[in-house]
Every structure is written in C-alpha cells, then in structure tokens.
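Visitor: Below is a structure I'd like to ask you about.
The numbers here are math on the coordinates, done by the rules we state, and not lab data. This structure is a prediction, so every number in the text was calculated from the model and none was measured. In this analysis, Cβ positions are derived from the backbone assuming ideal geometry, glycine residues included, and neighbour counts consider all displayed protein chains.
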Ligand SMILES: *Cc1c(COP(=O)(O)O)cnc(C)c1O
C-alpha cells in the first residue's frame with residue numbers, strides 16, 4: 001500500500017522571523033505532500049482500515065461525511081487506488097454537489113444523501129446493521145476514520161518526529177490522529193480544535209490513550225474563527241502572511257487555525273526559548289477551493 005504515497009513526508013523549518021526568535025526551533029512536518037487527494041493524516045487513518053477490509057475479504061468500503069469532508073474524498077480516492085468500491089453517506093441533502101462531493105463521485109464513490117437528523121444515527125448499531133444489509137455488507141469506517149484502525153495508522157506519524165523535538169502540535173477534529181500519536185511518542189502534544197467549544201474532544205481522546213500518558217496533551221479551542229469551516233478576514237490574511245514567510249500553504253479549516261493559535265501562544269510566552277516545536281501539517285488543502293480567490297497560493 002506504500003505505493004499509494006506520491007511523496008514521502010518531510011520536515012520544513014519555519015524561519016526565525018515568524019516567531020521573533022522566541023523558540024529554539026519551530027518546524028512543520030509536511031504530511032500534506034504525501035498525496036494530492038489522500039492527503040495528510042487521512043492517508044494514515046485509512047491505511048490500516050484498508051488492510052483490515054481486505055483481510056475480511058470485503059470489496060467495498062462505506063463511510064460517512066459532510067459535503068466538505070476531507071475524510072470522504074480521501075476514502076473515495078484510496079478505495080479507487082486499492083480497487084475497492086466505495087459508498088459515501090452524506091450528511092444533508094445537497095441539490096447541487098459541492099466540489100468535494102463532485103470529486104468523490106469522480107473517484108467512483110457512490111453517494112447517498114441523508115437528512116441531518118437521520119445522519120445522527122451514524123453510530124447506532126441497529127441502524128448500521130440495516131445500512132450494511134442494504135449495501136451488501138461493506139467494510140464500515142465511522143465518520144472521520146475514528147476507529148481503532150484509524151488510531152493505529154495515525155500512530156505511524158509519531159516515528160516521523162525526530163527525538164530532539166520537545167513539543168508536537170496537531171490539529172484535532174475527532175482526535176483520532178492525536179490519540180494515535182500520543183500512544184506512540186513520549187513528547188507532549190498540543191491539540192488545536194477548529195470548532196467552537198472544541199476542547200470537549202480532550203475527554204473523547206482520553207479513553208483511547210492506551211499508555212500511561214493520559215495527561216501528556218492539552219486541547220485548545222480558542223482559534224475557531226466563528227466555528228467549524230468558518231473563516232474571517234484575519235484568518236485569510238494570516239494564511240497569506242504565513243505563505244509569504246514560509247512558502248507553506250495552510251488549509252483554512254484546520255492547519256491555518258492551529259498555526260494562528262501557535263503564533264499567539266508563542267507571543268504569549270507559553271513556550272520557552274529552548275523549546276523545539278514540531279507542527280504537523282495534516283493536509284486538507286482541497287478544502288481551500290471556496291476561498292481560492294482570496295489566497296496568494
Ligand atoms: C480530518 C482532518 C483533521 C482532523 O483529524 P482527526 O483525526 O479527526 O482529529 C485535521 N487536519 C486536517 C487537515 C484534516 O483534514
């Protein structure tokens with residue numbers, strides 16, 4: 001399955017001028033480069049799921065997501081590469097496909113739109129049983145790839161962090177990626193939730209920490225810019241400035257909000273001048289299509 005990767009992830013330094021020399025080092029682990037569609041953490045969360053699907057002798061994957069879901073599009077593309085059928089259960093009825101959903105379709109994903117209230121049953125055992133029967137018993141991945149295989153796969157991100165880093169920063173939606181990393185590193189991890197009151201995921205994550213490191217992370221939720229998927233002028237300006245200084249494109253839903261938060265934490269002296277921080281770029285650049293005209297990249 002390694003053949004799925006178009007490029008190996010690498011670490012890129014963020015220049016001193018971005019943090020006024022307030023840290024010994026800040027760098028970005030570029031997971032966004034691994035594949036143009038199966039980008040960032042999504043590849044890692046899916047890979048063990050694909051393996052499991054094949055072990056079970058199943059030829060189709062069914063999963064869940066909203067109209068702008070990076071997970072849905074990554075699943076569609078990865079299933080196609082792996083010769084598997086894919087079915088996407090979409091949250092809400094769209095009259096017209098979003099760019100994300102249109103691309104899911106172009107990767108052969110069969111979409112089924114359901115109402116937002118029906119979608120709430122996405123983890124209900126009985127409902128899933130009926131859904132499974134309807135689609136000839138596919139391999140089912142929960143929304144966001146948030147399962148044991150997802151966490152196990154995300155664990156493979158941890159060894160990409162060289163030993164001299166003192167902190168890891170990662171964006172957290174379901175917290176699957178963060179949990180996978182925590183379980184496989186000794187370095188403290190800062191999570192950044194891009195939704196209002198998102199720090200509730202800290203509790204979700206805790207139950208999936210299999211090591212003695214249940215307190216080795218914290219989740220910030222101040223930098224949501226109005227809510228999940230929402231943005232404001234400040235965020236767009238931040239993304240353009242960041243690109244100008246670093247050459248690194250950020251996605252507006254997750255990594256831009258994380259870096260905005262990190263910048264404020266750095267300015268607020270939350271880190272010491274001997275700290276070495278590695279920020280994980282979890283990808284998701286396809287999500288910038290709606291603000292493309294406002295970005296310099
Ligand atoms: C999906 C996604 C996340 C969230 O990952 P979780 O494992 O659900 O916490 C973070 N960043 C990007 C770019 C994503 O697409």
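Visitor: Just round it to a whole percent: the fraction of Cα-Cα distances in the chain exceeding 29 Å.
Guide: So the pairs more than 29 Å apart make up 32 percent of the total in the chain.
Visitor: Calculate how steeply helix 233-246 sits against the longest principal axis of the alpha-carbon atoms of the chain, using the helix alpha-carbon long axis, and give the answer as 0 to 90 degrees to the nearest 10.
Guide: Approximately 70 degrees, to the nearest ten.
Visitor: Next question, about the same structure. For the range 27-106, what is the per residue volume of the convex hull drawn over the alpha-carbon atoms, in cubic angstrom?
Guide: On the way: hull volume 7.6 nm³, N = 80.
Cα-based convex hull of the range 27-106, divided per residue, equals 95 Å³.
Visitor: Something else about it: If you take every DSSP beta bridge fully contained in the range 23-129, what fraction is antiparallel? Give it as a percent rounded to 5.
Guide: Numbers: 0 of 12 bridges.
Roughly 0 percent of the beta bridges in the range 23-129 run antiparallel, per DSSP.
Visitor: What is the angle, in °, between the Cα long axis of helix 255-267 and the longest principal axis of the Cα atoms in the chain? Nearest 10 is fine, range 0 to 90.
Guide: Around 20 degrees separate the two axes.
Visitor: Follow-up question, since we're still on this one. Between the helical axis of 41-55 and the dominant principal axis of the chain, each derived from Cα atoms, what acute angle in degrees is found, rounded to the nearest 10?
Guide: Its long axis makes an angle of about 30 degrees.
Visitor: Neighbouring Cβ atoms within 10 Å as the yardstick, rank 238, 192 fewest first. The partial results should precede the final answer.
Guide: Working: 238 21, 192 28.
So the residues, fewest neighbours to most, are 238, 192.
Visitor: Also, I was wondering about something else. Beyond 12 Å, what share of the Cα-Cα pairs of the range 138-194 is found? Please give it as a whole percent.
Guide: Roughly 64 percent, rounded to a whole number.
Visitor: Quote the Stokes-Einstein diffusion coefficient, in whole µm² s⁻¹, for the range 75-169, based on the Kirkwood radius over alpha carbon pairs, a temperature of 25 °C and a viscosity of 0.890 mPa s.
Guide: 157
Visitor: Using only Cα atoms, what Kirkwood radius does the range 1-44 have, in angstroms?
Guide: Hydrodynamic radius (Kirkwood, Cα only) of the range 1-44 equals 11.8 Å.
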